[in-house]
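Take a look at the structure below.
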Amino acid sequence: MEQILALYGSPRREGNTSTLLSHAVKGARESGAEVEEIRLSGLKISPCLEIYACRDTGRCVIQDDFQPIHDKLLACRALMLSSPVFFYTVSAHTKIFMDRCQALWAKKYLVEKAPFGLRQPARKALFISAGATRGPKLFDGILLSMNYFLDTLDMELWKSLLYRGLDGPLDLRDHPEYIDEAYRAGRDFAGMIHGSRV
């Protein structure tokens with residue numbers, strides 16, 4: 001089955017979104033998918049410095065740990081991404097990674113000159129997030145950013161698992177149903193990708 005790239009965006013290795021994503025990965029693997037896991041907090045990735053060389057080449061010129069991820073993003077069949085909510089958006093590790101994908105935006109729209117809004121997404125993404133509060137707009141900003149980010153990758157959001165009231169590292173112990181949902185989502189994600197194979 002095609003490769004899935006799973007990116008952990010939490011600064012906590014065993015935080016809520018990290019745990020949920022690990023169960024989604026388990027579900028995908030047990031369905032036969034090949035999954036590569038990357039923890040963004042363990043990488044050295046510079047913020048975008050607006051050098052603008054990517055406008056000519058479609059590739060960022062900053063040489064750091066983003067470069068291998070760039071290639072994996074282009075090669076993968078699907079993406080799993082998790083991040084906690086920080087001030088109604090993604091974590092700093094995740095945002096730095098997303099901003100560096102400006103090079104892929106330049107590749108798509110400036111180098112390849114793809115027409116805006118007309119290219120159909122060829123790949124899928126699963127997004128997992130959790131926040132401490134229970135506000136009705138907790139995920140509005142994060143989902144808006146995620147959809148624009150995924151457009152750059154020619155991906156569409158297949159499903160988002162969004163959990164309110166999760167903050168402390170042990171909060172998931174009170175919600176085994178969230179763990180089960182993440183596992184099933186990973187399993188179904190792998191099945192959907194396999195079923196859509198051309």
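The values are calculated or read from the model by the stated rules, or taken from the named source; none is laboratory data. Computed from a predicted model, the values in this text were never measured in an experiment. Every residue, glycine among them, receives a Cβ derived from its backbone with ideal geometry; neighbour counts consider all protein chains shown.
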Exactly one condition in (1) surrounded by 14 or more Cβ atoms within 10 Å (Cβ to Cβ); (2) touching a strand residue (DSSP E or B) at 6+ places or on another chain (Cβ under 9 Å) is false for residue 122; which is it? (1)
Those residues of segment 61-106 that are farther than 14 Å from residue 153 by Cβ, surrounded by fewer than 16 Cβ atoms within 10 Å (Cβ to Cβ) and among the basic types (Lys, Arg) come to a total of 0
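Step by step: first the residues of segment 47-70, then only those that are assigned to a helix (DSSP H, G or I) and either β-branched (Val, Ile, Thr) or touching a Gly at 6+ places or on another chain (Cβ under 7 Å) (or both), then the one that is nearest to residue 190 (Cα to Cα). Which residue is that?
So the residue we want is 69.
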Would you mind stating whether residue 179 is part of a helix (DSSP H, G or I), at pLDDT below 95 and either surrounded by 13 or more Cβ atoms within 10 Å (Cβ to Cβ) or under 19 Å from the mean Cα position of the chain (by Cα) (or both)? no
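Out of all the residues in segment 1-46, which are assigned to a loop (DSSP other than H, G, I, E, B), aliphatic (A, V, I, L, M) and surrounded by 21 or more Cβ atoms within 10 Å (Cβ to Cβ)?
Listed by number, the list holds a single entry, 33.
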Going through segment 57-103 one residue at a time, which ones are within 26 Å of residue 133 (Cα to Cα), among the aromatic types (Phe, Trp, Tyr) and more than 12 Å from the chain's Cα centre (by Cα)? 86, 87, 88
